[in-house]
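Scroll down for the structure; my scribbles are underneath it.
Every number here is computed from the coordinates shown, using simple stated rules; none is lab data. Note that the structure is a prediction, hence the values are computed from the model and not measured. Cβ placement follows ideal geometry from the backbone for every residue including glycine, while neighbour counts extend to all protein chains displayed.
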Amino acid sequence: MNQYILLIFLTLITFIIPLETINISNYDYPHPNKEEENEYTISVINTGDFHGYFFAKEHKDIRTHESYNQGGAELLSTYINILKEEWKEKIMWLDAGDISSGGLEGRLSEGQIFIDFFNYHNLTAMTLGNHEFNYNREYIHQLMRTSKFDFLIGNIYNKTAGKKLFLPNQKISNIYQIGEVKIGVIGLTTVKIYHQHHYDFPELEFYDYRDIILEESSKLKNLGANAIILLGHFGLKCYNNLKLYEDKEKLKLRKKSDIQCPCENYENLKSVLESLPEGTIDAFIGGHLHMNTHHWINNIACSTTNGSNYFNVLYFKFDKNKQNNKINYILKDIQIEGPIPICSKIYDKALHCNLIENLKEINYTLGKLTYFTFHNQLIKSDISIIKRNNHWHDLIIESKKTIGYNYFLQKRNFKQESNLLNLIVDILKNYSKADFSILNANNIRKNLQPGVINYLNLYQLSPFDNLLCTFEMTGEEIIKMFGDLANDKMVYMVSGLKTYYTKSDNKFVKLLIYDNDITKCKEIDMNKNYIIATYDYLIDGNMEFQKVFKWYKRRKVKCSKLGTEIIYEAIKKIKYIGKDKYINKTNPRINWID
Ligand SMILES: [Zn+2]
C-alpha cells in the first residue's frame, strides 16, 4: 500500500469513535452546571493500591480471546482529565498508598513512575502503604523527596530520633484550599506494617488511630477546615452475601440514604469510626484490602477502592450562605460515585473488565466486550502518559519476549499440590542443590494464564524480589518445623520430600525424603544436617516461620539469586510447562491420611 494512504488510514482509525459503545455513567452524576444557587460542590478522587501497575494489564476474553486492557495509570489518566475538565479548581485527588510491589515497571523505576504521574496531575496528597516498606529506607526517602505533594502519615514513630515527623515531605495532616473551601486531611497507615513486612526499619513503631484523629481534627477545625477527611492505608469490607457483593461492584451514585450492608471490623477500623464524636471527620478514604466500598458509618462517608482496577469519586456538597458580609460553607451532604472500572473495554452486562479465569466461577452474565463512555466521553489509553514514560515502556516490551508456552491455566493451589508450585520448588531445589525445598502458595501471588511465557508474567507471579535462600537443620528440627508449619489454610509445597497430614484436622504426621525419584523414599536421619531451600521471605521469619524461630536459631543461611531469575532461566530450557506434568498422581508429594 502507498505510504501516504496507509498514513491517512492509520490517522483515521485513531480518531474514529467506535460505533458500538455503552454509557456506563447513565445516572445523574453531579456536575458543576447542575449546582443550585446556594450550593457549592467539590469532587475528591480516591485511588489506591496501584501496586506497581502503571501500564494497563492485558487480559483476554476467555470465550473469544478478544484482548482488552485493565487498570494502571495510562487508562486512569483519561478519567482524571475528564474530571479535571468538569471540575476545574474544584477538585482534589487523594491516594491511599501501596504504589509498590506488583508491576515490573514500578520496581524498575523504584516507584518513580508513579511519583512523576502524581506530580504531573497535581495529586493533593497520599499516605504510605505497607508495601512501601518492602524495600529499604532509601527507597521510601527517594519517593518522598521527589514528590511535589504531601505524604500524610501521622502514626509512625521513630524511636531512635524520638520523632513522629522524620521523612521528607511528611506531614501528619494538612489543610488544602479547594476552590472556595478548605479541606483538612489527616493521614494514617495500617498498624499491621510491622508484622507483615520489613525488617529494615527496627526503629519504627506504628501507633493506633483514634487519638491522632481526635487531636488532628481539632487542629484542622481551628484552622478553619470546612470538611475533614481521614486518608488511611487501611480498609473496610462491607457485604455479607453475594447479592450485596454484586451490588457493591456496579457503578452507581451512592448516598447516605441507601441501604447499608454490614461491615467487618477489620483492624478495628469500624469500631474506631463508630467511636468518634459526631463531626470529628466527614469522610474516610482508604484502600489496602482491595475492596470496593461506599458506605456510611457514624455519618462518615467511607470510600475504599479495589487495586488500580477501580476508583471512586466523592462529591462534597456545601451550603453557601452569607452572614455579616462573610460567606459560610456548611457541609450538607457527601455522595460517592463508584466503583468506576478502569478499563479499555467492559463486559456490557457485568459492567466491569475483571479477568475471568473460569466461566464456572461466576454466577452472573458477562455480556460482550464493548467500548464505553464515562461522563459521556470515550475511555482509551492516554498516549501522552505512555510517551512521558517511553523508557520504562520499552523495558516492559523487552520483558514480553516469549521464552516458552503454557496451554493451561496453572493455578497456585493452597491446600493441594499445584503443577506450577511443584515445578517452582523443583527448580529451586535443583538450582541450590539443597536436600529439599519448600514454599507456600502465598509466595506466588497469582495463577499463570494460558499463553506465552515471558519474563513479565514470571515476575508478576512473585513480584517481591524474593531471593533463593538455603539454611541448615537436623532431621529432628525438620520434623519439628513441619509440625509448626501445618495449618488449616494451606499446605507447604515441597520438592525432595513426601509429607503426610491428617485428613480431618491438617496436622503434620510424618515425612520421607528422596533425591530425584519419588518412588525411592527413605526415612529422615534425626541427627544428620540437611540443607533446605526456600525464599528469603520465609527464612526472614514471616508467616508460620515466626513459630519456628521461637526455638530454632538460623544456621548456614546463604541467599543467592532472585527467585524470578532462576525460574526464568529454567523455563527458558523447559519451554513448555504442560498439564499436571509435575504432579505424580500415583505417588503424591502431599498425602492425607486418617
Ligand atoms: Zn496494603
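See the values below:
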{"item": "Residue order, fewest to most beta carbons within 10 Å, for Ile259, Ile213", "result": "Ile259, Ile213"}
{"item": "The chain - share of DSSP beta bridges that are antiparallel (%, nearest 5)", "result": "65 percent"}
{"item": "Per the chain, cysteines lacking a partner by the 4.7 Å Cβ criterion", "result": "Cys261, Cys302, Cys521"}
{"item": "Contact order relative to length of the stretch 404-593, as percent, for alpha carbon pairs under 8 angstrom and 6 or more apart", "result": "34 percent"}
{"item": "Sorted peptide list for 535-544, 154-163, criterion being average Cβ within 10 angstrom, highest first", "result": "535-544, 154-163"}
{"item": "Listed residues Ile566, Thr280, Thr190: farthest to the positive end of the dipole of the chain (Cβ charges)", "result": "Ile566"}
{"item": "Summed residue charge, Cβ within 15 Å of Ile80's Cβ, Lys/Arg positive, Asp/Glu negative", "result": "-3"}
{"item": "Formal net charge of residues neighbouring Ile403 (Cβ-Cβ distance under 11 Å; K, R +1; D, E -1)", "result": "+4"}
{"item": "Sorted peptide list for 505-513, 53-61, criterion being average Cβ within 10 angstrom, highest first", "result": "53-61, 505-513"}
{"item": "Cα-only Debye scattering, the stretch 314-401: base-10 log of I(q)/I(0) at q = 0.14 Å⁻¹", "result": "-0.81"}
{"item": "Helical mean residue ellipticity (222 nm; -39500 (n - 2.57) per DSSP H run of 4+; nearest 500) of the chain", "result": "-7000 deg cm²/dmol"}
{"item": "For the stretch 404-593, size of Cβ-based charge dipole, Lys and Arg +1, Asp and Glu -1, in debye", "result": "240 debye"}
{"item": "In degrees, nearest ten, helix 3-15 long axis to first principal axis of the chain (Cα)", "result": "70 degrees"}
{"item": "Size of charge dipole - the chain - debye, nearest 20, with Cβ of Lys, Arg +1 and Asp, Glu -1, no other charges", "result": "1180 debye"}
{"item": "Lys/Arg +1, Asp/Glu -1 at C-beta; the chain dipole; positive extreme among Asn506, Trp392, Leu314", "result": "Asn506"}
{"item": "Between the stretch 334-391 and the stretch 535-590, the alpha-carbon center distance in angstrom", "result": "36 Å"}
{"item": "Taking the chain and dividing mean pair separation by its residue count, relative contact order in percent (alpha carbons under 8 Å, at least six apart)", "result": "14 percent"}
{"item": "Acute angle (nearest 10 degrees) that the helix 210-222 long axis makes with the longest principal axis of the chain, alpha-carbon atoms", "result": "20 degrees"}
{"item": "Angle in degrees between helix 419-432 and the longest Cα principal axis of the chain, rounded to the nearest 10", "result": "60 degrees"}
{"item": "Peptides ranked, highest mean first, by Cβ atoms within 10 Å: ranges 573-582, 296-305", "result": "296-305, 573-582"}
{"item": "14 Å beta-carbon shell around Ser147, net charge (K/R +1, D/E -1)", "result": "-2"}
{"item": "D_trans [Stokes-Einstein, Kirkwood Rh over alpha-carbon pairs] for the chain, 25 °C, 0.890 mPa s, µm² s⁻¹", "result": "94 µm²/s"}
{"item": "Computed P(r) (all Cα pairs; the stretch 48-92; 10 Å bins; percent)", "result": "24, 35, 30, 9, 1"}
